[in-house]
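For reference, the structure I am asking about is given below.
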2 protein chains.
Amino acid sequence: MGASISDVAARAGVSVATVSRALRGLPNVAEPTRGRVLSAARELDYVANPNASRLAAGRTMTVGMVVPLLSRWFFTQVVAGAQSVLAAAGYDVLLYDVGGAGARDRFFRRLPFRKRVDGIVIVDLPLTACEQDVLETDGTPVVTVGLTGSRFSNVGIDNVAAARTATRHLLNLRHTSVALLSGQPVGSVRFSAPLQRRRGWQQALAERGIAARDDLEVDGGFSISGGAQAMAQLLALGDPPTAVFSGSDEMALGALKTLADSGVRVPADCSVIGFDDHDVAGFFGLTTMHQPVAQLGEVAASLLFDAIRGGGGGPRPDVVLPTTLRMRSTTGPAPVPAATAGRRAAAIS
Amino acid sequence: MGASISDVAARAGVSVATVSRALRGLPNVAEPTRGRVLSAARELDYVANPNASRLAAGRTMTVGMVVPLLSRWFFTQVVAGAQSVLAAAGYDVLLYDVGGAGARDRFFRRLPFRKRVDGIVIVDLPLTACEQDVLETDGTPVVTVGLTGSRFSNVGIDNVAAARTATRHLLNLRHTSVALLSGQPVGSVRFSAPLQRRRGWQQALAERGIAARDDLEVDGGFSISGGAQAMAQLLALGDPPTAVFSGSDEMALGALKTLADSGVRVPADCSVIGFDDHDVAGFFGLTTMHQPVAQLGEVAASLLFDAIRGGGGGPRPDVVLPTTLRMRSTTGPAPVPAATAGRRAAAIS
DNA sequence: GGCCTTGCCGCAACCGCTTGCAGCGCCTAC
DNA sequence: GTAGGCGCTGCAAGCGGTTGCGGCAAGGCC
């Protein structure tokens with residue numbers, strides 16, 4: 001097998017302690033000595049055994065990331081963002097997907113990360129008070145993404161404001177009937193973002209004195225196919241909306257497909273705005289609310305560094321990152337009444 | 001912090017050695033003793049420190065997975081499949097994304113997984129002989145996914161045969177000009193699957209005595225937008241193809257969008273068949289070659305178990321998993337010449 | 001010249017678990 | 001009755017690093 005630290009020590013003519021210090025760049029090693037150690041290590045092709053280091057040092061140099069539904073685009077992006085900065089700092093990432101049935105309960109019952117991570121970032125999982133207690137008593141530093149008002153450091157966006165901006169964009173285009181594609185992804189987890197985006201939609205409507213019609217709020221399950229079905233449901237209405245605010249780009253893409261299949265022109269007959277700025281949103285020309293997904297992960301990682309270093313004390317920052325409206329080609333002025341009538345006829349045919 | 005094994009030993013009134021054996025289910029522990037140990041462990045909420053275990057036992061209970069471009073659907077699915085069976089066996093997974101510039105060279109130069117994994121699965125990365133040497137001399141067990149003819153155990157599909165089947169499907173529908181969307185994803189890695197699928201396409205054409213026209217073979221870069229551009233390129237031809245075999249579903253989706261935007265009816269005017277059976281292929285009604293992605297990962301994991309247990313000896317199996325044609329609604333009979341002419345006119349207008 | 005500081009380095013005790021080996025009690029066989 | 005075997009348990013030596021502490025030499029100071 002590979003060389004061990006004592007081999008390096010022997011070759012460099014120093015003690016293992018000195019090798020350890022030299023290799024980790026600690027200050028109290030004379031330069032010539034460090035040089036000898038480094039070249040000995042290089043010649044022997046030495047790499048430290050991480051398990052031995054972790055055991056001796058008591059730090060694991062590993063962080064856990066728990067996500068619901070790893071398969072969703074948003075989560076993979078956040079993970080990728082965090083991973084890049086963690087890796088740069090020498091940390092490994094352990095992934096916990098809590099999406100499966102019972103996986104979440106099992107996770108909080110077993111705390112499988114104990115003794116294996118220095119910290120843990122929880123992505124977009126609304127924690128019950130009880131779950132927060134469990135995590136807090138365990139003592140490992142926690143930071144969350146997209147979970148405001150918890151007892152942990154957090155980074156996220158202002159979903160309400162972003163949804164308001166999106167809806168206002170449609171209202172400014174003189175749309176008066178603006179539908180909402182929302183709901184919850186299938187599975188046991190309940191996310192808070194959909195609710196917040198719904199609130200923003202309601203607020204924007206209220207600002208203009210428009211009542212939020214119940215029949216314009218449909219569940220798209222945060223999936224492409226769900227969005228398509230939800231759009232079909234909207235088109236079946238006696239007076240379908242002329243604009244749709246979708247809580248995610250995936251649902252918006254599904255909606256666009258239904259519209260295309262039904263012969264409804266976008267944006268001439270119906271405007272669509274999404275949320276996320278998914279990779280392919282640009283390709284489909286989807287107007288959407290951009291949120292800095294990768295950056296969410298990056299910030300989470302650095303917050304975690306602080307938490308690990310800083311111990312328990314200090315304030316728990318709540319970082320909110322900006323969102324921006326990306327105007328593309330799926331939103332346009334509301335159709336004049338005559339055109340609307342024409343569209344309805346086309347959709348029926 | 002959490003309890004350690006000696007705490008459990010004290011509480012159960014036995015030695016740490018017995019605790020270790022009892023907790024791991026080794027046979028040589030009397031049942032009553034085991035019971036006492038188990039309840040002591042439960043009461044103390046004890047979990048073993050994995051680093052200490054790994055260090056003492058010499059096994060890391062971790063495997064590495066190296067993938068090019070984690071962001072591509074295929075790879076995430078393979079990883080997920082492997083992860084599920086590895087996790088069930090108590091293994092952690094360390095992910096190495098070798099997509100970035102220089103990342104691959106760095107990976108093979110540094111071998112960052114040394115001393116941290118018991119084995120490693122390499123997904124769809126054509127290894128140079130030199131790289132194979134490096135891995136082999138390092139000694140950690142390796143299994144590959146989608147890499148035939150290497151010195152390691154492998155699991156994959158028969159890309160040539162699958163591509164032949166896909167192309168034959170189009171030929172059976174009386175198409176005579178069948179285009180190929182192929183190419184390589186952007187980045188430094190060269191994959192072998194595209195080449196094999198191209199070969200299958202050529203073979204199927206040759207069977208029917210049809211020459212593979214150069215202008216019908218376009219590069220879609222294995223992305224949605226690339227597929228869209230490639231399709232546009234095909235439509236610009238004087239005599240565009242009536243059928244397209246796409247090397248991936250992502251490219252096929254892009255192609256479908258271009259066709260829709262150009263007013264070309266699918267499959268009446270142009271048939272499209274994909275490859276992979278991507279999550280959303282069903283939603284878009286895309287006819288495609290299904291490959292068992294998750295199963296590739298699962299099989300890879302169990303092959304790796306064998307390799308870890310079996311030491312170096314024994315044969316290196318090469319498992320090939322079946323692919324199946326999923327007929328949906330984007331392929332149909334070749335248009336009769338008159339219809340073709342009509343389409344061409346429509347495309348130009 | 002004696003004393004104290006300062007900078008480097010080695011000693012050795014861990015970190016928490018695994019495992020070969022030996023010990024011990026008890027049963028079976030002769 | 002004694003030897004041998006078997007089942008269970010404990011002892012203790014690691015696994016390969018990290019780190020507090022103490023030693024030693026060189027240099028500065030009075």
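The values are calculated or read from the model by the stated rules, or taken from the named source; none is laboratory data. Worth saying up front: this structure is predicted, and the values here are computed from it rather than measured. All Cβ positions, glycine included, derive from the backbone under ideal geometry; neighbour counts span all protein chains shown. With ligands, DNA and RNA removed, areas are computed over all heavy atoms of the protein, side chains included. Shrake-Rupley method; radii C 1.70, N 1.55, O 1.52, S 1.80 Å.
Test B:V78 against the criterion of being in contact with a Gly (Cβ under 6 Å, 6 or more places away or on another chain), more than 11 Å from DNA strand C (Cβ to nearest atom) and over 30 Å from B:M251 (Cα atoms), and give yes or no. So that I can check it myself, show each step before the final result.
Values: in contact with a Gly (Cβ under 6 Å, 6 or more places away or on another chain): yes; more than 11 Å from DNA strand C (Cβ to nearest atom): yes; over 30 Å from B:M251 (Cα atoms): no.
In short, no.
Applying the selection to segment A:70-102, what residues are more than 10 Å from chain B (Cβ to nearest Cβ), surrounded by fewer than 17 Cβ atoms within 10 Å (Cβ to Cβ) and either assigned to a helix (DSSP H, G or I) or aliphatic (A, V, I, L, M) (or both)? Before the answer, list the steps.
Of all residues in segment A:70-102, those more than 10 Å from chain B (Cβ to nearest Cβ) come to A:72, A:74-75, A:78, A:81-82, A:85-86, A:88-91, A:98-99, A:101-102.
Those still in the list that are surrounded by fewer than 17 Cβ atoms within 10 Å (Cβ to Cβ) too: A:88-90, A:101-102.
Of everything in segment A:70-102, those that are more than 10 Å from chain B (Cβ to nearest Cβ), surrounded by fewer than 17 Cβ atoms within 10 Å (Cβ to Cβ) and either assigned to a helix (DSSP H, G or I) or aliphatic (A, V, I, L, M) (or both) turn out to be A:A88, A:A89, A:A101.
Tally the residues that are within 23 Å of A:M65 (Cβ to Cβ) and either at the interface with another protein chain (Cβ under 10 Å from one of its Cβ atoms) or within 18 Å of the chain's Cα centre (by Cα) (or both), restricting the search to segment B:103-112.
The qualifying residues number 1.
Scan (1) crowded, with 18+ Cβ neighbours inside 10 Å; (2) under 29 Å from A:S225 (Cα atoms); (3) touching a helix residue (DSSP H, G or I) at 6+ places or on another chain (Cβ under 9 Å) for the single condition B:P267 breaks and write down its number.
(3)
Same structure, new question: List every residue pair whose Cβ atoms lie under 7 Å apart, where the two residues are 6 or more positions apart in sequence or sit on different chains, the first residue falls within segment A:17-28 and is open to solvent by less than 40 Å² (accessible area, probe 1.4 Å) and assigned to a loop (DSSP other than H, G, I, E, B), and the second residue, located anywhere, is more than 9 Å from DNA strand C (Cβ to nearest atom) and at pLDDT below 90.
Correct list of pairs: empty, since none qualify.
Please determine whether any residue of segment B:101-120 is under 19 Å from B:D276 (Cβ atoms) and touching a residue at least 24 places away in the same chain (Cβ under 8 Å). Explain how you work it out, then say what you get.
First pass over segment B:101-120, keeping only residues under 19 Å from B:D276 (Cβ atoms): none.
The answer is no; no qualifying residue exists.
Can you tell me which residues in segment A:29-55 are more than 10 Å from DNA strand C (Cβ to nearest atom), open to solvent by 50 Å² or more (accessible area, probe 1.4 Å) and either more than 14 Å from chain B (Cβ to nearest Cβ) or free of Cβ contacts under 8 Å to residues at least 24 places away in the same chain (or both)?
A:L38, A:R42, A:E43
Residue check: is A:G221 open to solvent by less than 30 Å² (accessible area, probe 1.4 Å), closer than 26 Å to A:A101 by Cβ and touching an Asp or Glu at 6+ places or on another chain (Cβ under 6 Å)? Can you show your working first?
Working: open to solvent by less than 30 Å² (accessible area, probe 1.4 Å): yes; closer than 26 Å to A:A101 by Cβ: yes; touching an Asp or Glu at 6+ places or on another chain (Cβ under 6 Å): no.
So A:G221 does not fit the description; no.
Among the numbered criteria (1) modelled with pLDDT of 95 or more; (2) more than 14 Å from chain A (Cβ to nearest Cβ), which one does B:A211 miss?
Condition (1) is where B:A211 drops out.
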